[in-house]
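Shown next, in structure tokens, is the structure this report addresses.
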């Protein structure tokens, strides 16, 4: 797994061992960020962050700040390793929390231009309702939410859908809150 473009282009990232964390494939990340376009000055939240590959890609492409939220202690260790290996010490925060609990806690206190949501595929279907309720409370006007899930059992948000794409078994959906 590597950073696709930007300041850290070509740098390798570690992924947590085992099957509990499933990093986004390089080609899916490349397509996702091509669709999103300019990252300059965006405040980004990377929920269910795992290795941090999505948030690190956003930083590499010019995001102003990325907040990573991941509950698995081993994955948080890999995420911190990846940040340190790239020399990223500023413009990031890492929270070792359950993403839903974190959203409840910061609701109305923080605002993001882009929220990346990539939960374990097995839990994605049951997260639709709570995420639909909680995400609007942490968004700036005209923010974008990107979800990644298995196309056969997708994460479905009851928020306006701007676009969706499939890459193999992976479904990427782009939502916004008017």
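Within the bounds of the stretch 61-71, is there any residue that is modelled with pLDDT of 90 or more, surrounded by fewer than 16 Cβ atoms within 10 Å (Cβ to Cβ) and either farther than 22 Å from residue 121 by Cβ or under 13 Å from the mean Cα position of the chain (by Cα) (or both)?
So far as the stretch 61-71 goes, yes, one or more of its residues are modelled with pLDDT of 90 or more, surrounded by fewer than 16 Cβ atoms within 10 Å (Cβ to Cβ) and either farther than 22 Å from residue 121 by Cβ or under 13 Å from the mean Cα position of the chain (by Cα) (or both).
When the stretch 58-70 is examined, which residues are found to be over 16 Å from residue 144 (Cα atoms) and touching a helix residue (DSSP H, G or I) at 6+ places or on another chain (Cβ under 7 Å)?
Residues satisfying the conditions are 61, 68, 69, 70.
Pick from the stretch 168-178 the residues that are surrounded by 13 or more Cβ atoms within 10 Å (Cβ to Cβ) and within 14 Å of residue 145 (Cα to Cα): which of them is modelled with the lowest pLDDT?
177
Which one is surrounded by the fewest Cβ atoms within 10 Å (Cβ to Cβ), of the residues in the stretch 148-167 that are within 24 Å of residue 66 (Cβ to Cβ) and in contact with a helix residue (DSSP H, G or I) (Cβ under 8 Å, 6 or more places away or on another chain)?
Taking the candidates together, the pick is 163.
Determine which member of the set 75, 58, 15 is out of contact with any strand residue (DSSP E or B) (no Cβ under 9 Å at 6 or more places or on another chain), touching a residue at least 40 places away in the same chain (Cβ under 8 Å) and buried (at least 20 other Cβ atoms within 10 Å of the Cβ). Can you show your working first?
On the way: 58 fails: out of contact with any strand residue (DSSP E or B) (no Cβ under 9 Å at 6 or more places or on another chain); 15 fails: buried (at least 20 other Cβ atoms within 10 Å of the Cβ).
Of 75, 58, 15, the one residue that is out of contact with any strand residue (DSSP E or B) (no Cβ under 9 Å at 6 or more places or on another chain), touching a residue at least 40 places away in the same chain (Cβ under 8 Å) and buried (at least 20 other Cβ atoms within 10 Å of the Cβ) is 75.
Keeping to the stretch 119-140, report how many residues are surrounded by fewer than 17 Cβ atoms within 10 Å (Cβ to Cβ) and under 15 Å from the mean Cα position of the chain (by Cα).
1
Can you report the number of residues in the stretch 96-109 which are under 16 Å from the mean Cα position of the chain (by Cα) and over 17 Å from residue 73 (Cβ atoms)?
Residues in the stretch 96-109 being under 16 Å from the mean Cα position of the chain (by Cα) and over 17 Å from residue 73 (Cβ atoms): 2 in total.
The values are calculated or read from the model by the stated rules, or taken from the named source; none is laboratory data. Everything quoted here is computed from the prediction, not taken from an experiment. Positions of Cβ are backbone-derived with ideal geometry, glycine not excepted, and every protein chain shown enters the neighbour counts.
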